[in-house]
1. Residue by residue through the stretch B:130-150, note down the ones that are over 17 Å from residue B:228 (Cα atoms) and not hydroxyl-bearing (Ser, Thr, Tyr).
2. Check off (1) within 14 Å of chain B (Cβ to nearest Cβ); (2) more than 20 Å from the chain's Cα centre (by Cα) for residue A:276 and give me the number that stays unchecked.
3. Among the listed residues B:271, B:308, B:267, B:298, which satisfies the condition of being at pLDDT 85 or above, within 14 Å of chain A (Cβ to nearest Cβ) and under 19 Å from the mean Cα position of the chain (by Cα)?
4. Looking at A:355, A:330, A:359, which one is closer than 25 Å to residue A:221 by Cβ, touching a Lys or Arg at 6+ places or on another chain (Cβ under 7 Å) and either modelled with pLDDT of 90 or more or not small (Gly, Ala, Ser) (or both)?
5. Just one of (1) part of a loop (DSSP other than H, G, I, E, B); (2) within 9 Å of chain B (Cβ to nearest Cβ) trips up residue A:252, so point out which.
6. Among the numbered conditions (1) surrounded by fewer than 16 Cβ atoms within 10 Å (Cβ to Cβ); (2) within 14 Å of chain B (Cβ to nearest Cβ), tell me where residue A:235 comes up short.
7. If I ask for residues that are among the basic types (Lys, Arg) and under 29 Å from residue B:238 (Cβ atoms), which ones from the stretch A:211-258 would you list?
8. Could you tell me whether any residue of the stretch A:343-359 is among the hydrophobic types (A, V, I, L, M, F, W, C) and either free of Cβ contacts under 8 Å to residues at least 24 places away in the same chain or within 11 Å of chain B (Cβ to nearest Cβ) (or both)?
Amino acid sequence: MRKLFIALVLTLVGGLLGAGALAGAGPAAADGGSSGEDKLSINAKLIDTSGGKSEPVAGVDIVVTGADGEAVGTATTDDEGIAAVPIPQGGEYTVSIDTNTLPENTFLTDPDRTKATVNVLGFDATVQFPIGPDTRNLETWVDRLPDLLMQGIKFGLLIALAALGLSMIYGTTGLTNFAHGELVTLGGILTWTLNRQAGLPVLWAGVLTVIIMAGVGALQDLGFWRPLRDRGSGNIALMIVSIGFGLFLRNVYQYFFGDDTRAYSEYTSQGPLDLPLVEPTPKDLVIIAVAIAVLVVVSLLLARTRLGKATRAVADNPSLAASSGINVAQVITVVWIAGTALAGLSGVLLGVDQQVEYQMGFKILLLVFAGVTLGGLGTVWGAMLGSLIVGIMIEMSTLVVPAELKYVGALVLLILILLVRPQGILGRRERVG
Amino acid sequence: MNWDQIIEFSLRSAFGSEAIVYAMAAIGLNVHFGYTGLLNFGQAGFMAVGGYGIAASVTTFGLSFWVAVPIGILAAIVFALLLGAPTLRLRADYLAIVTIAAAEIIRIVVGSVSLQEYFGGRDGLQEFNDSFVAINPYDSSVNMVLFTLRPNDAWVFTVGWIMVGLACLLVWALMRSPWGRVLKSIREDEEAVRSLGKNVYSYKMQALVLGGVLGGIAGFLVALDQAAINPENFSTDVTFFAYTVLILGGAARVLGPVVGAIMFWFLISVLGNFFTQATAGDNPLISPEIMTGTQASLVRFIAAGLGLVLLVIFRPQGIFGDKREIALDAR
């Protein structure tokens, strides 16, 4: 009984380690594998997939060469099509296949790819040499379209979460807040800290972050922006103040967080789901679902509740709203709370989607501005619509321009929109000076 | 703590190339923001256009340095016209967003791999200033009493301060002319100026071009000082620091940007050198748990951000300015 139990445990552990190696997984697996470093090996795998079948190819010689060019070992593929070559330690190795030993009528998919370089960390690595004619559909732009659309929607929703706050704050107070990106960053950094330092799961760290960010929003308005408004500071003065404030916050973040890019402990690398048309990772779907749900709820609150209507009234015309009995100062505080919490949520999700670094919010700030301006400065629905368009356009533009220039397209669009329709899609004409 | 060294380094910074470049950029901003009330947040873009105008003309296209200088200026003019055309009829904050976006476009494009053969990507461009170095009259280090300058630095120092002086003279002359008075009235009340039959759009465009060219010259000075140029010289923060310089010295004053640049770089440099020394060595003044050497280099930027906030709130006119002349209330 006891023996059986131990065997079971060993099998499970072995299976887990193997799975980790296959997935090329993250740091956790590396820690686990380091104890067995003396048994490291590189596995070359040969599977013939021609004609829809999946047959291992046996009897092919594989040579593994170290970084210094000296052969480390050779092996021949077995009945499962696997050749395991033991290696002394981790590092960079070149795996080459001897094509002369391939069986008759069997060819590599890419005849020129007879070598592969692997960087072996603390666990076994597997190298595949695809065999048989390339049956995959060559990716055309039509194939990429649905995936890019999905990525664009996801990015657009992340921008929209930040844009909503920016636009509502602009609408109710006239402040163009150049420090809004830093609120997004704070969301990411807080979640990372709660997750990695305090050990909370990402989910709870994220929820807690949004609650803390709501408090930060209240503090920021009551302790900083409201006193400035009460002093009668002009809008341009406040805009420059926000620039200085953003500069201050960015460097404070870098002071405490450093300039590394850091990941949460969960959801870091996920394989794509195989859906028709698109191949999202599970976290893509979760991010999209959460963002849509939150945006719908906020829209409903703005459209239906008393406070929501009051908010839109203040955004429309603060003096008129005040004279009809709306407590403008209170509405503005609520807008700051909601806007900061939304920006924080954007940072939480951006951290799940990419990773956390001290400039993450500043880097998307101009895209947020582009979304808000496109939709119409100060409007609520416009901010969401504009952000979605900006997000989709950024991802779609990679069909035409190199990925490194994808933000340029959105920024050019921003300038062109101002040329043609400065009030934005949903803005009203008289807003323009 | 070696105070002599801190003071020497800081004075070199306060009168050296950093201050010269920022003084020049801020003089340009002064024409935009101080006198005309235009919110140009893309001064780094104008600097990049000027600097890359010279560098790419010489290094990539093999033109003579003396042909490259007018090309750089022309590039800054074209950039100003492109930016101004869609935005100068709009409210002030639209210009702010468009100019900051345009500056980022320039920075991303010149740093891109796709255009590496023209602009050198992230590594930027070098070897374009031989003609400038060739006419350097200094052949040994120059002793400036408080600090010494190597021959090339002394040459950049001389040319830089002469340019700053000429720019100040130009701004002084223009702003007391009828043309300058129109700019100032646009800042105060655009509608009133329009009702007097002035073409406000055209005046704003002229101001944008003039300030942009001064920004382009600041870009030249960056390129000449480093004998190299790369996209990181023109990040958005450069514009923000130039605004801090302008507001510190006093907007809408001819010498405001110059005094602002000298003071800004002196303070930044004192802070930087103090904390670097305080965290260096085996037994640092500040323990590494509180502040490491890397963190020490950030203190000055934290202070710069805080300084800008406090300045705008408590003394928006800076050292020399007049509060009534600062365009901070427009919507």
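The values are calculated or read from the model by the stated rules, or taken from the named source; none is laboratory data. All values reported here derive from a predicted model rather than from experimental measurement. Quick reminder, even Gly has a Cβ in these numbers, built from the backbone with ideal geometry, and neighbours come from all protein chains shown. What goes into the accessible areas is simple: the full protein's heavy atoms, side chains included, and nothing from ligands, DNA or RNA. Shrake-Rupley method; radii C 1.70, N 1.55, O 1.52, S 1.80 Å.
1. Within the stretch B:130-150, B:135, B:136, B:137, B:139, B:142, B:143, B:144, B:145, B:146, B:147, B:149, B:150 qualify.
2. Condition not satisfied by residue A:276: (1).
3. The match here is B:308.
4. On inspection, the qualifying residue turns out to be A:359.
5. All conditions pass for residue A:252, except number (1).
6. (1)
7. Result: A:250, single match.
8. No, the stretch A:343-359 contains no residue that is among the hydrophobic types (A, V, I, L, M, F, W, C) and either free of Cβ contacts under 8 Å to residues at least 24 places away in the same chain or within 11 Å of chain B (Cβ to nearest Cβ) (or both).
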